[in-house]
Amino acid sequence: AVADLMQDLGIEWFASDEAILGRSIGSVLSPSPGKIKGDRYRLYYPYRVNSGKGPAMVFRDHALSDLVGFDYHQHWEPRAAAKDFIAQLHSIRDHWEGEGVPLVTVILDGENCWEYYPNDGEEFLNTLYAALEEDPTIESVTVSEGIASRKCESIDRLSAGSWINGNFHIWIGEEADRKGWFLVEEARKTLVQAQTGGGIDKATLQKAWEEIYIAEGSDWYWWFGDTHSTEQIGHFDRMFRQHLIHVYELLGMRAPGELLLPIEKPKKQAAIRLESEFPSPPQIDGKESHYYEWKSAIEFEPAGQSGAMKSAEQSGVQRIYYGGDQENFYLRVDTEPGLTKREGENTWEVSVTNPASLRLRFSPEKDGYQAAKTEESKDANSSQAKWSNIER
């Protein structure tokens, strides 16, 4: 439906995240930067829905994009980061087994990343662009140029979702999100009725529409609800409602009483969610590679609990993250600093009961924790259960 709408509006192409492509074709795409495993080669083609004449689609390489947006400025010297980016492209080229030339799409999620780079990214960007231009095996193109030089692959269906976790939860998934959209809808309906009825000058209508457009901005809904938190939420809440109040004031009307009340309710202890799906699997390397790597996981903080989990806190557990995808279950345990220096044995076990009986044991070592599979049932499904150690 969205592709049809874009076609009607004359839009030639649009982009989304690799998670949307993965869901559209029913495949989990490997997240490893610069490597091609399984169906990942399908990420490097442009697409059209059912080979139609609608807009072309490209899907960004999530891992490469996040290296630039979130990782390089934290852990890399600018010139080394640029060199690594080129190496990632070379690896894609060297492992390419698809038809034609791969089209690697890099689109940043964090548009404000440059303020975190030394000199606002000047050295990194200059080095990167120079290396791209000097490399005879790499051609830098715009999306339009890349699509024009390739045949678009066909995709039967386009999965609904945004490029944040491949779904709409962050934008409409919580009560506060839906409350905000309801207030926008009511203000918009009122403005349309006033515009249709006449009697309001063009300049005033334009100002009212600008207020609506501001309230429709996605950043408000990023902060509404429990998914993200900020000490400024009360201020954001008031600003959001004030834009909608201005719509009514510009039309000479009294704003509904709902706009005088906060959208956000006082925070309570959040209930523990049991399920979470990773749009792109995290890398099992013992570190948080980028901001979004574990963002879609369930986050559990034992310090806020009592009983059995309280004993976990005393054992040095700060946070637990977990979630899964169509193939794997992922578990991350954050511990207190210096835990491995404690005297004596400190061992944790994770018991899995379904689809197979499996016990995983964690023991501290000088260079961190290693996980070992200690028991497995003779169940027919047990061969599907396995544990990946941290890659070093």
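If you check residue 86 against the conditions, is it modelled with pLDDT of 90 or more, surrounded by fewer than 20 Cβ atoms within 10 Å (Cβ to Cβ) and closer than 16 Å to residue 166 by Cβ?
no
If you take the residues of region 1-18 that are touching a residue at least 40 places away in the same chain (Cβ under 8 Å) and charged (D, E, K, R), which of them is farthest from residue 60 (Cα to Cα)? Ranking the candidates gives 4 first.
Restricting attention to region 58-68 and to residues that are in a helix (DSSP H, G or I) and either of a type in the set (Lys, Arg) or more than 12 Å from the chain's Cα centre (by Cα) (or both), the residue that is surrounded by the most Cβ atoms within 10 Å (Cβ to Cβ) turns out to be 68. Hey, which of the helices (runs of 4 or more DSSP H) in region 159-258, taking only ones fully inside, have at least 3 residues that are within 24 Å of residue 66 (Cα to Cα)? Answer list for region 159-258: 169-172, 218-223. Pairs are defined by a Cβ separation below 9 Å, a sequence spacing of at least 6 or placement on different chains, a first member in region 220-245 that is under 18 Å from residue 174 (Cβ atoms) and in the same structural domain as residue 179 (by TED's automatic domain parsing), and a second member that is of a type in the set (S, T, N, Q) and in a loop (DSSP other than H, G, I, E, B); the pairs so defined are 223/229; 223/230; 223/232; 236/230. Just one of the listed residues (99, 122, 139) is more than 26 Å from residue 293 (Cβ to Cβ) and assigned to a helix (DSSP H, G or I), namely 122. Look through region 198-232, keep the residues that are among the β-branched types (Val, Ile, Thr) and at pLDDT below 90, and return whichever of them is nearest to residue 182 (Cα to Cα). Checking each candidate, the answer is 227.
The values are calculated or read from the model by the stated rules, or taken from the named source; none is laboratory data. None of these values were measured; they are calculated from a predicted model. Backbone-built Cβ (ideal geometry, glycine too); neighbour counts: all protein chains shown.
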